[in-house]
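Read through the structure below, which is laid out as structure tokens, and then see the notes.
The values are calculated or read from the model by the stated rules, or taken from the named source; none is laboratory data. What you see is a predicted model; the values in this text were computed from it and never measured. Cβ coordinates were reconstructed from backbone atoms using ideal geometry, including for glycine residues, and neighbour counts include every protein chain displayed. The area values use the complete protein model at the heavy-atom level, side chains included, leaving out ligands, DNA and RNA. Shrake-Rupley method; radii C 1.70, N 1.55, O 1.52, S 1.80 Å.
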Amino acid sequence: MQPAPDKIDNYFAATAAASPRRPALHGDIETDVCIIGGGFSGVASALSLAERGFDVVLLEGRRIGWGASGRSGGQILPGWSGESAIRNQLGERASAFLERTRYFGNEIIETRIKKYAIDCDYERGAATLALNEKQMAALEAEYASHAKTGADFHFDLVDRATISNHVASEIYCGGLIDRRGAHCHPLNLCLGEARAAESLGVRIFEESLAVDIAHSDRPGVITKDGRVNCRIAILAGNAYHKLEQGKLGGYMLPAQTFQIATEVIGENRARAILPDNLAVCDANWALDYFRRSADHRILFGGLCTYSNRTVANIENELTPRLLRIFPQLGDVKTEFAWGGAIGIVLNRAPLIGRIADNVFYAQGYSGHGVNCSHIAGEIFADAAQARLDDINLFETIRHLRIPAASAIGNPMLALGMTWFRMRDAIDI
Ligand SMILES: Cc1cc2nc3c(=O)[nH]c(=O)nc-3n(C[C@H](O)[C@H](O)[C@H](O)COP(=O)(O)OP(=O)(O)OC[C@H]3O[C@@H](n4cnc5c(N)ncnc54)[C@H](O)[C@@H]3O)c2cc1C
């Protein structure tokens, strides 16, 4: 069982597979690629690079999966956040990339689960639900555009009359089911990928916070007690790292987001709530999301504090939202409540690129990182082999940089998000 070092009462940590404690780094070592951060971005990159024959060292400041990855909702949804910004800025070139990679993260995860026998409760099936007619019209348009492409059609459009066959709630007008979306136990996926990476020779050090990167032809990643000299360094600390702020500061802001897990309610009751075991989110900008767990609980998330403040009582905030959707769960206790930090980018397009020719970074998935972090790993492995098209594409996306972000960034973000929440509430 993986302890939560910051005392977060995290359902996934409490139900994680046994995972060895890795040593901290002591002394100087050499490698091809040094990765900073042991969430999906770091671990998936390590595995992608090791699969292509690179020697890799991964440094994690706490434990593998400790950050957002191991505490996430585990919803493996297709596509990228910020797609419209990417498309608007880059046109055709971006459209081709977005189509090509729509399910790439899901494919990587499915392949790895099979190839490395990762036991992480993986289930296919996801849905986006409409809370009003305008959202329903948008889902109908999305369905129609998928229908035009024809190939591998795996969507169901569900109207108000039949949505309760999939989600036992009265509040939705309908929804779009995507049978290739999925969900899993995210910490077990991350731990399983770390184990797979180690089987290919990746050296992982935990409790090994990188405090600096010494830039040179052969960068050195420095920890309290050691240094990793490498050909390429990859920064994958997302909302938890404070490195390279001269180049990266102001483009991404940390925000806190929260989740609860009910007590075990039994298979019959869980099935009655979500008969086909979908990973569900609504179509609001500030969305609620939920699903069943393998041990028959309901996992529910939905609150994001863009001010980056944690909330005093997560359960008190989230349980009423869960009960508004499923009043039939009124007698059910909440057993776990936790939060974690995500990286938000103003136009929501992830930040993937290079600080120098030999220092790469990926961060700011804006709450939609399980699939994208896996694609980032492949983009890095391509870049390490001098195939630069995809990393170049991300570097071409223009982002707003907030000056003095550490002082005013989060208040600005919170103000902006109030507007989007108002739009959700008054349906404009
Ligand atoms: C409550 C919650 C629910 C979410 N639900 C979903 C969901 O259902 N679907 C989805 O797609 N996304 C979801 N997300 C977002 C998703 O989890 C993230 O986008 C994704 O996991 C980011 O992965 P990452 O590896 O980049 O960052 P993280 O998982 O945060 O990992 C970063 C790691 O780097 C380490 N680190 C930081 N700095 C250093 C350093 N200097 N040296 C060494 N190590 C360092 C940290 O300790 C941490 O372990 C959710 C996030 C949260 C918090």
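Structure values in brief
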| read-out | value |
| --- | --- |
| Every pair of residues 6+ apart whose Cβ atoms lie under 8 Å, when the first sits in the stretch 48-71 and is of a type in the set (S, T, N, Q) and open to solvent by 10 Å² or more (accessible area, probe 1.4 Å) while the second is more than 6 Å from the ligand (Cβ to nearest atom) and part of a helix (DSSP H, G or I) | Ser69/Val43; Ser69/Pro186; Ser69/Leu187; Ser69/Cys190 |
| Test result for Arg112, away from the ligand (no atom under 11 Å from the Cβ), open to solvent by less than 30 Å² (accessible area, probe 1.4 Å) and not hydroxyl-bearing (Ser, Thr, Tyr) | yes |
| Checklist (1) surrounded by fewer than 17 Cβ atoms within 10 Å (Cβ to Cβ); (2) under 30 Å from Ala18 (Cβ atoms); (3) away from the ligand (no atom under 14 Å from the Cβ) applied to Lys224, failing item | (3) |
| Restricting the stretch 356-368 to residues that are assigned to a strand (DSSP E or B) and open to solvent by 10 Å² or more (accessible area, probe 1.4 Å), the residue that is farthest from the ligand (Cβ to nearest atom) | Ala356 |
| Any chance Ala168 is under 21 Å from Gln75 (Cβ atoms), among the aliphatic types (A, V, I, L, M) and open to solvent by less than 10 Å² (accessible area, probe 1.4 Å) | no |
| Residue match in the stretch 377-392 (condition: closer than 16 Å to Gly37 by Cβ and open to solvent by 20 Å² or more (accessible area, probe 1.4 Å)) | no |
| Odd one out for Lys148 among (1) under 27 Å from the mean Cα position of the chain (by Cα); (2) modelled with pLDDT under 95; (3) among the charged types (D, E, K, R) | (1) |
| Residue list for the stretch 118-154, filter: in a loop (DSSP other than H, G, I, E, B) and either open to solvent by 80 Å² or more (accessible area, probe 1.4 Å) or without any contact (Cβ under 8 Å) to a residue 40 or more places away in the chain (or both) | Asp119, Gly150, Ala151, Asp152, Phe153, His154 |
| Residues of the stretch 336-355 satisfying the condition of being in contact with an Asp or Glu (Cβ under 7 Å, 6 or more places away or on another chain) and either within 11 Å of the ligand (Cβ to nearest atom) or not in a strand (DSSP E or B) (or both) | Ala337, Trp338 |
| Which listed residue, of Arg100, Arg71, Arg52, is more than 14 Å from the ligand (Cβ to nearest atom) and over 24 Å from Val33 (Cβ atoms) | Arg100 |
| Residue within the stretch 247-254 that is touching a Ser or Thr at 6+ places or on another chain (Cβ under 8 Å) and among the charged types (D, E, K, R) present | no |
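So that you can scan it fast, the table gives a plain yes or no per residue for (1) within 13 Å of the ligand (Cβ to nearest atom); (2) closer than 30 Å to Asn358 by Cα:
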position: Asn229; (1), (2): no, yes
position: Lys242; (1), (2): yes, yes
position: Thr257; (1), (2): yes, no
position: Thr262; (1), (2): no, no
position: Arg292; (1), (2): no, no
position: Leu299; (1), (2): yes, no
position: Thr319; (1), (2): no, no
